[in-house]
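Q: Below is a structure I'd like to ask you about.
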Amino acid sequence: MFDIAVNDDGSIRLSGRFDASQVDTAQRVFVEITGSTVLDCEDLKYISSAGLGVLFATQKRLMDSGQGLKLVHLNPHIREVFQLAGFDTIFEIA
Amino acid sequence: MIDIPREISSLSELFAFIEGSCTENLVDEKTVFALNLAAEELFTNLVRHNVGGSDVIRVGLEINPERIEMRLVDFNVQKFDPNSVDDVDIDRPAEERQPGGLGIHLVKSIVDQLTYAYKAGEMTVTVIKNRGENV
């Protein structure tokens, strides 16, 4: 189960399991992001390289205009995946 | 052991098999996360690289107190060695990196052993994850 929701303040809440079967669902939301955005990952349980790919493509696009994604409330397992991928220096992680 | 349809949409079935087996054997949450991640990355690679393979990919899990062995078997396929994939340079700046290519890198990083065997159209990918202090 994966869900992606846009909060009233413009931040995006990810929840459940962001795996390869969810890429198309996520893409539909991420392609609409045009400015710096907070991703609330408090309820995100899992992410794989497929999910990382969606976030990375968005981050690269935003970085071209000096903007970016900020990830908050990562669980320790997901934080480790970001570190193993070398993404902890590419994304702002709080 | 379970036969899973070779479709990306079968991932939920793959995770359910791993989590069910791990729960029965009191495997800790961190190890379950690592097994799920390794299984997804290897399964999706088989689905994408072995187009024309059989309808299912067989997945087996052997859990003992010291280590967990997970095996994925694909049938009627061409030889492909995941260990032959070039390592991703995670220290490159974002501008020089491309999306994708991370799957095998993550698997190699989170499991203790990744091996591959090919015989007569049948490919077996085996990962070993030590349970270490989490026994």
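Q: Two decimals, Cα atoms only, Kirkwood Rh: what is Rg/Rh over the protein assembly as shown?
A: Here the Rg-to-Rh quotient is 0.97.
Q: Any idea how far apart B:Val56 and B:Asn25 come out in nm if each label point goes 7 Å out from Cα toward Cβ?
A: Going by the 7 Å Cα→Cβ label model, 2.1 nm.
Q: For region B:2-130, rounded, prolate or oblate, judged on the Cα gyration tensor with a ≥ b ≥ c (square roots of eigenvalues), a/c < 1.5 rounded, else prolate if a/b > b/c? If you can, show how the numbers build up before the last one.
A: On the way: a/c = 1.63, a/b = 1.11, b/c = 1.46.
In terms of gyration-tensor shape, oblate.
Q: Further question: Based on DSSP, what percent of beta bridges with both residues in chain A are antiparallel, to the nearest 5? It would help to have the intermediate numbers written out before the result.
A: On the way: 5 of 17 bridges.
Counting DSSP beta bridges with both partners in chain A, the antiparallel share is about 30 percent.
Q: Treating the beta-carbon of each Lys and Arg as +1 and of each Asp and Glu as -1, no other charges, what is the dipole magnitude of chain A about its Cα centre, to the nearest 20 debye?
A: Details: 8 positive and 13 negative charges, 44 e Å.
Roughly 200 debye for chain A.
Q: Using a Cα distance threshold of under 18 Å, what count of lysine pairs results for the protein assembly as shown when pairs must be 8 or more residues apart or interchain?
A: On the way: A:Lys45/A:Lys70; A:Lys45/B:Lys30; A:Lys60/A:Lys70; B:Lys30/B:Lys108; B:Lys30/B:Lys129; B:Lys79/B:Lys119; B:Lys108/B:Lys129.
Summing the qualifying lysine pairs gives 7.
Q: Going by the alpha-carbon gyration tensor, a ≥ b ≥ c the square roots of its eigenvalues, is chain A rounded (a/c under 1.5) or, if a/c is not under 1.5, prolate (a/b greater than b/c) versus oblate?
A: Values: a/c = 1.31, a/b = 1.10, b/c = 1.20.
Here chain A falls in the rounded category.
Q: Compute the distance from the alpha-carbon center of region A:53-94 to that of region B:59-87, in whole Å.
A: When both Cα centres are located, 29 Å separates them.
Q: What distance in nm separates the simple spin-label points at A:Arg79 and A:Met63, each placed 7 Å from Cα in the Cβ direction?
A: In this crude spin-label approximation the distance works out to 2.2 nm.
Q: Mind running the shape call on region B:1-41? Use the C-alpha gyration tensor, a ≥ b ≥ c as the square roots of the eigenvalues: rounded below 1.5 for a/c, prolate if a/b tops b/c, oblate otherwise.
A: Details: a/c = 2.87, a/b = 1.61, b/c = 1.78.
Verdict is oblate for region B:1-41.
Q: Work out the FRET efficiency for B:Asn130 and B:Asn76 from their Cβ-Cβ distance, taking R0 = 45 Å, and round it to the nearest 0.05. Display every interim value, and only then the final one.
A: On the way: r = 33 Å, r/R0 = 0.73.
Efficiency, rounded to the nearest 0.05: 0.85.
Q: Take each of the peptides B:65-74, B:101-110, average the number of other beta-carbon atoms within 10 Å over its residues, and list them starting from the highest. Intermediate values should be presented prior to the final figure.
A: Numbers: B:65-74: 17.8, B:101-110: 20.9.
The packing order, highest mean first, is B:101-110, B:65-74.
Every number in this text was worked out from the coordinates using simple rules, so none of it is lab data. Everything numeric here is computed off the predicted structure, so don't read it as measured data. As a convention, Cβ positions derive from the backbone with ideal geometry for all residues, glycine included, and neighbour counts pool all protein chains shown.
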